[in-house]
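Q: Sharing a structure below in structure tokens format, with a few things to ask.
Nothing in this text is a laboratory measurement; each read-out follows from the coordinates by a stated rule. Since the model is a prediction, treat every value here as computed from it, not as a measurement. Cβ: placed from backbone, ideal geometry, glycine included. Neighbour counts: every protein chain shown.
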């Protein structure tokens, strides 16, 4: 038997080590972000940290740059279309995975997550050859279709988990009260799915908006996304406007994270990011 005093000291030491590791990880993640944010307020024509003088010069440059604004509109459009497509495909896939009774559901679920396992560069090259083999020109359609391929696994995962944990008694109660299948789906099942839909759609939007490696291969000449534009600016010259755009994207990401946490809860959010509890569908 371990004495209570020794056990308490061991627990305190363990908690202290875990806290120190958590703080070190947080600093490692947030410090580069802080450097980018502060560098975006520099007044010089080059990136400098710390900035010699606080200025909004590069934010004004950002708002007056037609190339960056156009690329931003393309990214938002592609991300919205890809998210909607992922939502449709994810829901259509989630229902049979969570409620169906057939052999090989584990294999089907693993197959739906396969696009997340492949490096984006490899997937981009494969799609480029695939579209070329079919004789399809690279346009907005090919860009959106490719983004749906890498975003619908998020919606599939969250909606499958939400359906798996939803109480079927609620749906049975709807049927017993005379509701049709569509009425039960609309008034009972879909509200139960809202947390999963919100989290999956949020991560699908972020993944699409932030994607660079895949977009380079499947975007047409007129479909330059914001990450592609920023990458081009970094190749030609380290323009401080990149830091300004990055700061806005960081703020938008934190805002979206806050909204998702409020809508779906912290547990649901962590389940998607960290792999959480995934229903066994063997």
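Q: For the range 79-194, what is one quarter of the convex hull surface built on the Cα atoms, given in nm²?
A: If I average the Cα hull's projected area over directions, I get 8.8 nm².
Q: Where a ≥ b ≥ c are the square roots of the eigenvalues of the C-alpha gyration tensor, would you call the range 30-84 rounded, which needs a/c under 1.5, or, failing that, prolate if a/b is larger than b/c, or oblate?
A: The shape class here is oblate.
Q: For residue 95 and residue 31 in the same chain, what is the full-extension length gain: residue separation times 0.36 nm, less their Cα-Cα distance, in nm?
A: Gain on extension, residue 95 to residue 31, equals 18.8 nm.
Q: Taking the beta-carbon count within 10 Å as an exposure proxy, list 157, 99 from fewest neighbours to most.
A: 99, 157
Q: Still on this structure, please answer the following. Would you please give the FRET efficiency between residue 210 and residue 102, computed as 1/(1 + (r/R0)^6) with r the Cβ-Cβ distance and R0 = 45 Å, to the nearest 0.05?
A: Step by step, r from the Cβ atoms, then E = 0.80.
Q: Follow-up question, since we're still on this one. Please list 125-137, 68-80 highest first by mean number of surrounding beta-carbon atoms within 10 Å per residue.
A: 68-80, 125-137
Q: Working out 0.36 nm times the residue gap between residue 165 and residue 253, then minus their Cα-Cα distance, what length gain in nm do you get to one decimal?
A: Going from the current span to full extension adds 28.9 nm.
Q: Along Cα→Cβ, 7 Å out, is where each label goes; now give me the distance between the ones at residue 192 and residue 21 in nm to one decimal.
A: Label-label distance for residue 192 and residue 21, simple model: 3.8 nm.
Q: Over the range 65-274, what is the relative contact order in whole percent, taking alpha-carbon pairs under 8 Å and six or more residues apart?
A: After rounding, I find 33 percent.
Q: Using 0.36 nm per residue, how much length does the chain from residue 52 to residue 180 gain when fully extended, once their Cα-Cα distance is taken away?
A: Taking 0.36 nm per residue and subtracting the Cα distance, the gain is 39.4 nm.
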